[in-house]
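Taking it in order: structure first as structure tokens, then the write-up.
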Amino acid sequence: QVQLVESGGGLVQAGNSLRLSCAASGGTFSTFFMGWFRQPPGKEREFVAAISRTGASTFYTDSVQGRFTISRDNAKNTVSLQMNSLKPEDTAVYYCAANLAYSNTANYRYWGQGTQVTVSS
């Protein structure tokens, strides 16, 4: 019912920036909490950031606090993740997700297919 499509992934050098975007369709975007998760190679999917329905509240995992910024544009049905000061440890497949309530675990109702982010040293 709800489709999420990520874009903006790629290969960057450590210290540089990258902006990920997620376009949503098939639902009322403003009713969803939105989140970003990532899955490094060989590891489980982990929480990165989340944003409330209006964008008034944001949440981050400690390792990205101060470097990443999540935002949303309810008029465009999009959520973004601005990633600054990237580190090789940030290398992962990044997933956009939507849920009807806040969660920092991988139990979101809807998921995108992911976009690869690779940070070289």
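The values are calculated or read from the model by the stated rules, or taken from the named source; none is laboratory data. Since the structure is predicted, the reported quantities are computational estimates derived from the model, not experimental observations. Cβ placement follows ideal geometry from the backbone for every residue including glycine, while neighbour counts extend to all protein chains displayed. Side chains included, ligands, DNA and RNA excluded: accessible areas come from the protein's heavy atoms. Shrake-Rupley method; radii C 1.70, N 1.55, O 1.52, S 1.80 Å.
The set of residues in segment 1-22 being of a type in the set (D, E, K, R) and open to solvent by 60 Å² or more (accessible area, probe 1.4 Å) consists of 19 alone.
The condition of being open to solvent by less than 50 Å² (accessible area, probe 1.4 Å) and either farther than 15 Å from residue 116 by Cβ or of a type outside the set (S, T, N, Q) (or both) does not hold for residue 69.
Can you go through 79, 119, 93 and tell me which one is closer than 16 Å to residue 2 by Cα, touching a residue at least 12 places away in the same chain (Cβ under 8 Å) and part of a strand (DSSP E or B)?
Working: 119 fails: closer than 16 Å to residue 2 by Cα; 93 fails: closer than 16 Å to residue 2 by Cα.
Step by step, each of 79, 119, 93 is checked, and only 79 is closer than 16 Å to residue 2 by Cα, touching a residue at least 12 places away in the same chain (Cβ under 8 Å) and part of a strand (DSSP E or B).
Of all residues in segment 47-57, none are out of contact with any Ser or Thr (no Cβ under 6 Å at 6 or more places or on another chain), under 13 Å from residue 24 (Cβ atoms) and of a type in the set (Gly, Ala, Ser).
Scanning segment 23-47 for residues that are touching a Lys or Arg at 6+ places or on another chain (Cβ under 9 Å) and either under 15 Å from residue 94 (Cα atoms) or open to solvent by 40 Å² or more (accessible area, probe 1.4 Å) (or both) yields 23, 30, 31, 34, 37, 38, 39, 45, 46, 47. What do you reckon, is residue 59 open to solvent by 50 Å² or more (accessible area, probe 1.4 Å), in contact with a strand residue (DSSP E or B) (Cβ under 9 Å, 6 or more places away or on another chain) and assigned to a strand (DSSP E or B)? Yes; evaluated as a whole, the condition is true for this residue.
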